[in-house]
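Heads up, the thing below is written out as structure tokens.
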Amino acid sequence: MADQSATPDYELAEQLELTEPAQYRALFDATRMKIVHLLLERAATTSELAVALDKPKGTVGHHLKVLEYAGLVHVVRTKQVRAIEARYYGRTARVFLYHDWDRSSFDGIGLEPKGLLAEATAEITQIPEAYQDLPMLTNSRYARIPAERAEEWRQRLIELLDEFVRQPRGGEVTYGLLVGIYPTGRGHLPDPGDDEKDVAE
């Protein structure tokens with residue numbers, strides 16, 4: 001029997017590297033992204049996903065077929081419910097790895113960071129009144145650091161995301177965690193001593 005505290009409740013590979021345009025097209029759709037996120041909690045049927053997403057079963061079924069064809073989800077178990085065999089879908093991997101791509105090969109795919117930010121912003125501005133006193137934080141900071149240090153921070157943020165998504169499920173509210181580190185075009189003060197050199201010149 002599966003450990004009830006485990007997330008999700010089925011066996012899956014730790015990671016899958018996306019190498020085909022079809023995989024990117026399958027994954028980077030708003031509804032399909034929500035489906036694979038839900039399946040990190042546990043395996044689910046088309047009907048259960050339809051309720052969670054507030055979408056028709058036929059629509060969810062179509063999205064599952066696209067994900068299944070791309071090798072991103074599969075049936076992890078079945079259960080006889082009356083005269084019908086219910087199929088429970090799960091992810092093929094806990095983490096889907098994607099890298100830089102030839103943009104011309106992925107026209108129309110929402111891989112841009114602004115897509116993530118737009119979705120998060122919309123969710124934050126639509127937080128129900130009843131949730132206003134629940135834990136939340138939005139903030140930003142800037143620091144001029146070497147690229148090597150930026151890479152260290154990027155790895156730490158990835159680890160934090162992974163820890164967050166592995167939390168045992170409970171409560172009645174789904175929380176979002178948005179992280180990011182990115183280079184900016186902001187100016188910065190000269191290093192100490194540079195101004196004296198400029199004056200001398």
(request) Starting from residues that are surrounded by fewer than 15 Cβ atoms within 10 Å (Cβ to Cβ) and of a type in the set (Lys, Arg), keep the ones in region 58-94 and report whichever is nearest to THR31 (Cα to Cα). (result) LYS65
(request) Output the residues belonging to region 20-61 that are hydroxyl-bearing (Ser, Thr, Tyr) and out of contact with any Leu (no Cβ under 8 Å at 6 or more places or on another chain). (result) THR45, SER47, THR59
(request) Identify, from the list GLY90, GLY61, the residue that is at pLDDT 95 or above and in a strand (DSSP E or B). (result) GLY90
(request) For THR138, state whether it is modelled with pLDDT under 90 and β-branched (Val, Ile, Thr). (result) yes
(request) Please verify whether region 71-82 includes one or more residues that are assigned by TED's automatic domain parsing to the domain that holds ALA26, at pLDDT below 90 and either part of a loop (DSSP other than H, G, I, E, B) or more than 24 Å from PRO8 (Cα to Cα) (or both). (result) yes
(message) Tell me yes or no: at least one residue of region 45-58 is acidic (Asp, Glu), in a loop (DSSP other than H, G, I, E, B) and at pLDDT 90 or above.
(response) yes
(request) Determine which member of the set VAL36, VAL51, VAL76, VAL66 is touching a residue at least 12 places away in the same chain (Cβ under 8 Å), within 25 Å of VAL173 (Cα to Cα) and among the β-branched types (Val, Ile, Thr). (result) VAL36
(message) Against the condition at pLDDT 95 or above, in contact with a helix residue (DSSP H, G or I) (Cβ under 9 Å, 6 or more places away or on another chain) and not assigned by TED's automatic domain parsing to the domain that holds GLY170, how does ALA22 come out, does it pass?
(response) no
(request) Please specify each residue of region 135-150 satisfying the condition of being exposed (fewer than 10 other Cβ atoms within 10 Å of the Cβ) and of a type in the set (D, E, K, R). (result) ARG141, GLU148
(request) Search region 161-191 for residues being of a type in the set (Phe, Trp, Tyr) and assigned to a loop (DSSP other than H, G, I, E, B), and hand back the single one that is farthest from THR125 (Cα to Cα). (result) TYR182
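The values are calculated or read from the model by the stated rules, or taken from the named source; none is laboratory data. Owing to the predicted nature of the structure, the values given are computational and were not obtained by experimental measurement. Cβ atoms come from the backbone with ideal geometry, glycine included; neighbour counts cover every protein chain shown.
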